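**Student:** Before I ask anything, let me first share the structure, which is written out below as structure tokens.
The values are calculated or read from the model by the stated rules, or taken from the named source; none is laboratory data. Since the structure is predicted, the reported quantities are computational estimates derived from the model, not experimental observations. Here the Cβ positions follow ideal geometry from the backbone for every residue, glycine too, while neighbour counts run over all protein chains shown. In case anyone asks, the SASA skips ligands and DNA or RNA and just uses the protein heavy atoms, side chains included. Shrake-Rupley method; radii C 1.70, N 1.55, O 1.52, S 1.80 Å.
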Amino acid sequence: MGARLGETASELAGLLWREHTVYRERTGGVVIRGEHVQRWISLAPSGGRDEVLVRAGRILDGGTTAPARSEALVCLSAGTGELAAVCRRLLSEAAATPAAPHGHGQRGPRRRTPRGRTPRGRTATRSRHTGLASWAVVVVVVAIVGLYSAFYGRFFL
């Protein structure tokens, strides 16, 4: 399966992009990188005898790869043309999803919420005004310093 997968990946790379890099992964899969379009395709053997798991994703600034945005199972006996069609669909799905700025925080788009409400699981951001608990701590610290200086201050004079 490994040799067949490598040959298929080389043919597929020629159909998808003029400029590409094909390399084998440690897990036995093959990756096709299109640096000029900032996309990658991965072909990995799956549980089926003639099936491969095709995954598509982006290449981030600096050359690192982002996690796969879409994936599909494809039968190798269908031919390289069918495989190329599936890869193009996955690549278009990867291109349609918005990228996070500078490749950080790959969590997807932010949800908009009505004013004054926060999304579940997040704490509300506090304003810069000092809260009641902070004032209580300040008053206690000032009282302790005052008592200390009142009782022990006469010994230092």
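**Student:** Where does each of SER42, SER134 land when they are ordered by accessible area, with a 1.4 Å probe and the largest first?
**Tutor:** Sorted by accessible area, descending: SER134, SER42.
**Student:** Here's another thing I want to ask about it. Under 5 Å between amide H atoms, partner at least 5 residues away or on a different chain: which partners does ARG39 have, H built in plane at 1.01 Å?
**Tutor:** GLY34, ILE59
**Student:** How about segment 15-71: which trypsin sites (Lys or Arg not before Pro) there are in a DSSP loop, with at most 12 other Cβ atoms within 10 Å of their Cβ?
**Tutor:** When the trypsin sites (Lys or Arg not before Pro) of segment 15-71 are filtered for loop state and at most 12 Cβ neighbours within 10 Å, ARG18, ARG26, ARG49 remain.
**Student:** Also, quick follow-up: Subtract the Cα-Cα distance of ARG18 and CYS75 from 0.36 nm times their separation in residues, and report this length gain in nm to one decimal. Provide the component values of the computation, followed by the final result.
**Tutor:** Values: separation 57, 0.36 × 57 = 20.52 nm, distance 2.45 nm.
Working it through step by step, the gained length comes to 18.1 nm.
**Student:** Here's a follow-up. I'd like the GluC sites (Glu not before Pro) in segment 13-55 restricted to DSSP loop residues with at most 13 other Cβ atoms within 10 Å, sorted by number.
**Tutor:** Numbers: sites: GLU19, GLU25, GLU35, GLU51; in loops: GLU19, GLU25.
Passing sites in segment 13-55 are GLU19, GLU25.
**Student:** Another one. Could you run the Karplus curve 6.51 cos²θ - 1.76 cosθ + 1.60 with θ = phi - 60° over segment 79-88 and give me ³J(HN,Hα) per residue in whole Hz, x for Gly and Pro?
**Tutor:** x, 5, x, 5, 4, 5, 5, 5, 4, 4
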